[in-house]
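To start, the structure under review is shown below, and the notes come after it.
The values are calculated or read from the model by the stated rules, or taken from the named source; none is laboratory data. Please read all numbers here as calculations on a predicted model, not as lab measurements. All Cβ positions, glycine included, derive from the backbone under ideal geometry; neighbour counts span all protein chains shown.
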């Protein structure tokens, strides 16, 4: 699925403030390499339904046996293994002679100790890999996982590795035995070990995804390849909120354009991001933050939420809004299935201009039936001119005013909002009082400078 850097930023998939991101939220990997693999999976959502389903099956398979995942493979263990191949050893002997082994210990003591220490971590790693092979290689294993494990098994298929694991620990080996093992690993097994680490990192990424499904209450969506776009979700929620309010949503060929209104802070932006994050995660092959979800396979996901100006290029906020909309029009014109998310059109110009521009954009986009659109606006007035379009669904977030208190239900209602609470918020936050009590403000209007 095509997705650009702006959309990834709008949906907070990756943020400079890492803890406030989708990636940080779902990262349950155990190693740095697994974290990197997971990031790569998120940066390249699939447009291949078979790949999505294969990833779902792999995650489910790991979940069934999650207690079997080896605790002995830690990030520290893998760091020790990688360091082994960068350490400047004096040549490690490959000899069965106890005399040669003793000489290496006496004359190359630090290197001897490094080999002995590192081999303990190698054995931990090999035992952990064997546990994965034993627990996850059943006949019914998903094809994606089975192929990975076949590659792992091929790298483990060596008599020296089997014999070392059978001994159990470095303490049970004679000096010449573990030096011969150290020689083999350093001089003959480097490339296989690098392949094995790469394969484990990919497995760790899938393990992390499985743990995210388990601990975050995610559910696997039903994804279909079909000619018309659809999203049906119940109990959809925003992944990054501590106490999210769930939504129900249905968009399809008949109602493919959601016109969303409501007061500021009412939940429009949160809802739009929740939809985008869920569709994005579905195309990665993960579970989604919803009680249930069905959706078509999308060709792309494009957002227009946090447009920025560019002072270095001399580009205004409004100009970049126009460019983003232009890019949107070019994308959806190809007849492919896109999910388009737009939050508050044309914030960078005056109200009358914004209404004219917004109406023109909506009346153009609403003609495109191959894509789905979610658009929010504070320009409620333009809704009246759109009532004749049968494929537009009008929804709003309700705000209740009790005295100076604002109550948000964060629930979608049918229709168009007419809330006007901006001045109320100014008054509630004491901004009006502060303005009225600015020192010298009253006298400044009629103030005359003293005569010379």
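Out of curiosity, is residue 78 surrounded by 14 or more Cβ atoms within 10 Å (Cβ to Cβ), touching a residue at least 12 places away in the same chain (Cβ under 8 Å) and assigned by TED's automatic domain parsing to the domain that holds residue 117? Yes; evaluated as a whole, the condition is true for this residue.
Residues checked against (1) farther than 22 Å from residue 300 by Cβ; (2) out of contact with any strand residue (DSSP E or B) (no Cβ under 7 Å at 6 or more places or on another chain):
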| residue | (1), (2) |
| --- | --- |
| 327 | no, yes |
| 330 | no, yes |
| 342 | no, no |
| 351 | yes, yes |
| 365 | no, no |
| 369 | no, yes |
| 384 | yes, yes |
| 399 | yes, no |
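The residue of segment 122-133 that is surrounded by the most Cβ atoms within 10 Å (Cβ to Cβ), among those that are touching a residue at least 60 places away in the same chain (Cβ under 8 Å) and more than 19 Å from residue 182 (Cβ to Cβ), is 132.
If only residues of segment 303-324 that are crowded, with 21+ Cβ neighbours inside 10 Å and touching a helix residue (DSSP H, G or I) at 6+ places or on another chain (Cβ under 6 Å) are counted, the one that is modelled with the highest pLDDT is 303.
When you check residue 148 against the structure, is it in the same structural domain as residue 102 (by TED's automatic domain parsing), under 30 Å from residue 279 (Cβ atoms), crowded, with 20+ Cβ neighbours inside 10 Å and in contact with a helix residue (DSSP H, G or I) (Cβ under 8 Å, 6 or more places away or on another chain), yes or no? So residue 148 passes the test. Would you confirm whether any residue within segment 178-193 is free of Cβ contacts under 8 Å to residues at least 40 places away in the same chain, part of a helix (DSSP H, G or I) and under 30 Å from residue 86 (Cβ atoms)? Checking segment 178-193: at least one residue is free of Cβ contacts under 8 Å to residues at least 40 places away in the same chain, part of a helix (DSSP H, G or I) and under 30 Å from residue 86 (Cβ atoms). Condition first: without any contact (Cβ under 8 Å) to a residue 60 or more places away in the chain and in a helix (DSSP H, G or I). Now tell me which residues in segment 135-149 satisfy that. Result: 146, 147, 148, 149.
Please verify whether residue 119 is assigned by TED's automatic domain parsing to the domain that holds residue 195 and either free of Cβ contacts under 8 Å to residues at least 24 places away in the same chain or under 16 Å from residue 188 (Cα atoms) (or both), treating the condition exactly as stated. Judged against the criteria, residue 119 is a match. Restricting the search to strands (runs of 3 or more DSSP E) fully inside segment 338-419 and requiring at least 3 residues that are free of Cβ contacts under 8 Å to residues at least 40 places away in the same chain and assigned by TED's automatic domain parsing to the domain that holds residue 256 gives 392-402, 405-414.
Scanning segment 202-233 for residues that are over 25 Å from residue 38 (Cα atoms) and surrounded by 15 or more Cβ atoms within 10 Å (Cβ to Cβ) yields a count of 5. Only residues that are modelled with pLDDT of 75 or more and assigned to a helix (DSSP H, G or I) were counted in segment 422-431, giving 1.
Could you tell me whether residue 260 is at pLDDT 95 or above, surrounded by 22 or more Cβ atoms within 10 Å (Cβ to Cβ) and touching a helix residue (DSSP H, G or I) at 6+ places or on another chain (Cβ under 6 Å)? So residue 260 fits the description; yes.
Note on segment 1-88: enclosed helices (runs of 4 or more DSSP H) holding 1 or more residues that are more than 30 Å from residue 344 (Cα to Cα) are 32-43, 49-64, 75-84. Take residue 71 and decide whether it is surrounded by fewer than 20 Cβ atoms within 10 Å (Cβ to Cβ) and more than 21 Å from residue 164 (Cα to Cα). Spelling it out, it is not the case that residue 71 is surrounded by fewer than 20 Cβ atoms within 10 Å (Cβ to Cβ) and more than 21 Å from residue 164 (Cα to Cα).
For every residue, the table says whether it meets (1) under 29 Å from residue 340 (Cα atoms); (2) modelled with pLDDT of 95 or more; (3) over 16 Å from the mean Cα position of the chain (by Cα).
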| position | (1), (2), (3) |
| --- | --- |
| 173 | no, no, yes |
| 189 | no, yes, yes |
| 203 | no, yes, yes |
| 216 | yes, yes, no |
| 224 | yes, yes, yes |
| 229 | yes, yes, yes |
| 233 | yes, yes, yes |
